[in-house]
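> One structure follows; several queries about it will come next.
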Amino acid sequence: MSDDAIRRIDVEWVAIKAGIKPANRVTVDPERAGEVEVRAQREGFHVERGARVIEFPGRPASAILYISPDPERARELVAAEAPLLPPRGNRLPVAESVPLHVRLGGLLGFPRCCVQEFANRLRRGITTRSSGGDAHEDFVAAECASAASQRYLGRLNDLSADRRLRIITFYPCRYDCPTAAKYAAAVFKAAAALDHAAAIAIRASMLGEMKIDVTGGRGTDAAGNQESLTLQFDEY
């Protein structure tokens, strides 16, 4: 699949335009924030900017935009995430941060079961494995989802080495979660109607063997000397 094919599909934009998702949270270079805001407004959406620009050591600064057809929802998203943003959010007690994360996920339209499972990991420690020990947040989420799964649906695969290759933009509670699977199927259908060739190419790339190690390395980037998890996604 060509890189151009991947770039033709923005699953969150597809989902909100099709009315499948009630809101989007977008992080962009602060200099591009105005451009993205104008694009969304031209499409009939309301846009609110995050309470402040996100800055982490060694990373480029990012502006947050909340996009929704419902102005009140966009404003509620700003209020829900504002206390979670650094530097204050880094010091927020777990008992205070969990309800805010749950509200944020709900406002973005994520499945309640997936949001609650994320909350469970937050309470335990987002990088703490259920069996004990520490690992990358993505590995912990995948390990928990795998342990709860009987089937591995490619449309719920969030482990591709290319992080643009995904239909869902949240951690699934299981790789066969009925609610997440229904959502992903609707988004894929809308994407295929928009660009059938690109959607089919993305679907093909989300099937097969996926590997993640405890440091968060994926695919060929997974370190051979690190404990890893290998999952087989055989059905879409």
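> In the neighborhood of residue 172, defined by Cβ-to-Cβ distances under 9 Å, what is the net charge if each Lys or Arg adds +1 and each Asp or Glu adds -1?
Working: positive: 174; negative: 117, 158, 176.
Once all neighbours under 9 Å are counted, the net charge is -2.
> Now a separate question. Which value, in debye to the nearest 20, describes the size of the charge dipole of the chain about its Cα centre when Lys and Arg Cβ atoms bear +1, Asp and Glu Cβ atoms bear -1, and nothing else is charged?
Numbers: 32 positive and 31 negative charges, 109 e Å.
Rounded to the nearest 20 debye, it is 520 debye.
> Radius of gyration and Dmax for the chain's Cα atoms, expressed in Å?
Rg, Dmax (Cα atoms, Å): 17.8, 50.
> Could you go through the range 172-184 in sequence order and give the Karplus-derived ³J(HN,Hα) for each residue, using 6.51 cos²θ - 1.76 cosθ + 1.60 with θ = phi - 60°, rounded to whole Hz, and x for Gly and Pro?
Residue by residue, the range 172-184 yields x, 5, 8, 7, 9, 4, x, 5, 5, 5, 5, 4, 4 Hz.
> Turning to a different aspect of this structure: Which cross-chain or sequence-distant (5 or more) residues have an amide H under 5 Å from the amide H of residue 233, H modelled 1.01 Å from N in plane?
208, 209, 210
> Distance between the C-alpha centers of the range 71-132 and the range 17-65? Whole Å please.
Using only Cα atoms to place each centre, the spacing works out to 19 Å.
> May I pose another question? So what J values fall out for the range 48-53 if you push phi through Karplus, 6.51 cos²θ - 1.76 cosθ + 1.60 with θ = phi - 60°, rounded to Hz, Gly and Pro as x?
10, 8, x, 4, 7, 6
> Can you compute 3J(HN,Hα) from phi for each residue in the range 29-45, using the Karplus curve 6.51 cos²θ - 1.76 cosθ + 1.60 with θ = phi - 60°, rounded to whole Hz and x for Gly and Pro?
Using θ = phi - 60°, the values come out as 4, x, 6, 9, 4, x, 4, 5, 4, 4, 4, 5, 5, 5, 7, x, 9 Hz.
> Along the positive direction of the dipole of the range 98-178 (beta-carbon charges: Lys, Arg +1; Asp, Glu -1; about the Cα centre), which of 126, 111, 153 reaches farthest?
The listed residue farthest towards the positive side: 111.
> Send over a whole-number figure in Å² for the accessible area per residue of the chain, probe 1.4 Å. Can you show the working numbers first?
Working: 11900 Å² over 236 residues.
It amounts to 50 Å² per residue over the chain.
> Now for a separate question. Size of the dipole of the range 37-126 about the Cα centre, Lys and Arg at +1 and Asp and Glu at -1 on the beta carbon, nothing else charged, in debye to 20?
Working: 14 positive and 10 negative charges, 65 e Å.
In total the dipole reaches around 320 debye.
> Of all the accessible heavy-atom surface of the chain, with the other protein chains kept in place and a 1.4 Å probe, what percent is carbon and sulfur? Could you put the intermediate results ahead of the total?
Numbers: 5740 of 11900 Å².
Ligands and nucleic acids excluded, carbon and sulfur reach 48 percent.
> Quick one: which residues, 5 or more positions from residue 46 or on another chain, have an amide H under 5 Å from its amide H? H modelled 1.01 Å from N in the peptide plane, none for Pro or chain starts.
For residue 46, the qualifying residues are 68, 70.
> Which FRET efficiency value, to the nearest 0.05, is calculated for residue 230 and residue 31 with the Förster distance at 45 angstrom and r the Cβ-Cβ distance?
Values: r = 40 Å, r/R0 = 0.89.
Step by step, r from the Cβ atoms, then E = 0.65.
The values are calculated or read from the model by the stated rules, or taken from the named source; none is laboratory data. No experiment lies behind these values; they were computed from the predicted model shown. FYI the Cβ positions are ideal-geometry reconstructions off the backbone, even for glycines, and counts take in every protein chain you see. We work out accessible area using only protein heavy atoms, side chains counted, and drop any ligands, DNA or RNA first. Shrake-Rupley method; radii C 1.70, N 1.55, O 1.52, S 1.80 Å.
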